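So the structure is just underneath, and the comments pick up after that.
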Amino acid sequence: MIRASILIDAALIAIFAIAMERTGVAQDVQGPVSVTLRDKAVVTKSFVRLGEIAELEGGPEILRKRMADLDVDEISSSENQAHICPQAQVQFRLRLAAIPPELFVLGGAREVAIVLRPQLLSPAKIEDAAREDLYRRLPWIRDDLSLRLLRPISVTLPAIAEDESVTLEVEPNRPNVALGHVQMNVAIRVNGEQRLSLPVFFNVQLVQEVAICRRSIAAGEVLMEGDLIRQRRPISANEAQMARPDSLIGKRNRRTMPTGQVVAATDMDQASSGTLLVQPHQSVRMTVHLGPMDVVAIGEAIEGGPEGKLIRVRNIDTKAIVTGRVTGPRTVEVDAGIR
């Protein structure tokens, strides 16, 4: 059974391909991404990414980065010899990721000999492992998150010989991670035996573009683009009502605001904006029309809007951000561009 998130991801790639074809970018300027597999590669983690075993050149940068970050193989820590990843395996993973074949050219070695060589332990390695696991569990993309280490890792780490196999197992202290203070527990295993378990603490905040008054703005004034400074920064829980700059243009200010003040949604007169059927950060039902079939997935509204407004929505499963039209309470319709 094909998951809805995979179909939506495929639809998004299709939109990307259509846009490239219409603009002539793929053929005339950037061309497809050239993927050249190496004969040998050394990795430090069991999940092997394409960028670790191949050179990627050409094509649109956003596609090249997406392909480089794609998991193409997995190595067991118990393997004593080089792991062989055939070119056909890479081709299959690219197809599974719904990347159209005309957007890349796969060449180089027919197979890659991959050696898993875990790095020696350090506080930075422990922090990175905890941070990466936390990123995967949070329902937001990395660019919209700030993960600040709350306490330095000061415990004495076990000594590891170069011929010993080290694995780090990370689990949150609570099943569901969210914004605020989060504890991640890291278990250090050497040759399968647990040597140490330690907590790593982070403060998780959303990073949002906020509007700052460029000048003193009197009550009753209508805000224009030139009145505001846009700035991306972490926001705390009590700043959740900070308004996005695009939602403020043309709105009337309810109270006088001095230069440098961050504008909140409550500072604006909402009387003429219509009823918001979708609220920012609200869980929404995403519908994508794929020919005669409708695919439904759960998303999170990045911004709110009344009926008919185009808003940005994040797919909870794929974490891809799409634009959809508000069609009802907590309902957004995404045009996949597929007939």
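The values are calculated or read from the model by the stated rules, or taken from the named source; none is laboratory data. All values derive from a computational prediction rather than experimental measurement. Virtual Cβ from ideal backbone geometry, glycine too; neighbours counted across all protein chains shown. Remember, those area values only see protein heavy atoms, side chains included, never the ligands or the DNA or RNA. Shrake-Rupley method; radii C 1.70, N 1.55, O 1.52, S 1.80 Å.
Enumerate the lysines that Lys309 could reach by cross-link, defined here as Cα to Cα under 23 Å, with residues fewer than 8 away along the same chain left out. Counting by Cα, and skipping residues close in sequence, Lys309 has these lysines nearby: Lys251, Lys319. The Ala82 and Ser283 beta-carbon pair, evaluated with R₀ = 45 Å, returns a calculated FRET efficiency of approximately 0.45. When each of the peptides 201-213, 136-148, 61-73 is scored by the mean number of other C-beta atoms lying within 10 Å of its residues, the order from highest to lowest reads 201-213, 61-73, 136-148.
Bridgeable lysines around Lys125 (alpha carbons under 18 Å apart, same-chain partners fewer than 8 residues away excluded): Lys45.
To the nearest Å, what is the center-to-center distance of region 134-199 and region 207-233, using C-alpha atoms only? Comparing the Cα centres of region 134-199 and region 207-233, I get a distance of 39 Å. Simple rule: put +1 on each Lys or Arg Cβ and -1 on each Asp or Glu Cβ in region 164-257, find the dipole, and look at Cys213, Phe202, Ile235; the Cα lying farthest toward the positive end is Cys213.
The charge dipole of region 166-310, taken about its Cα centre with unit charges on the Cβ of Lys, Arg, Asp and Glu (plus for the first two, minus for the last two), comes to roughly 340 debye.
For trypsin sites (Lys or Arg not before Pro), the sites in region 88-128 that DSSP calls loop and that have at most 12 other Cβ atoms within 10 Å are Arg110. Residue ranges 191-197, 167-173 sort as 167-173, 191-197 when ordered by packing (mean number of other C-beta atoms within 10 Å per residue, highest first). For region 28-160, a/c is not less than 1.5, where a ≥ b ≥ c are the root eigenvalues of the C-alpha gyration tensor, and a/b does not top b/c. That puts it in the oblate class. Between the listed residues Leu179, Val155, Thr167, the Cα displaced farthest toward the positive end of the dipole of region 128-181, a dipole computed from Cβ unit charges relative to the Cα centre, is found at Leu179. Computed about the Cα centre, the dipole magnitude for region 174-248 is approximately 340 debye when only Lys and Arg (+1) and Asp and Glu (-1) carry charge, each at its Cβ.
Distances between placed amide hydrogens fall under 5 Å for Val33 paired with Phe104, Val105, all partners being 5 or more residues away or on another chain. In the context of the full set of protein chains, residues of region 283-339 present 50 Å² of accessible surface per residue (probe radius 1.4 Å, heavy atoms only). Placing +1 on the Cβ of every Lys and Arg and -1 on the Cβ of every Asp and Glu, with nothing else charged, gives region 48-194 a dipole about its Cα centre of roughly 500 debye.
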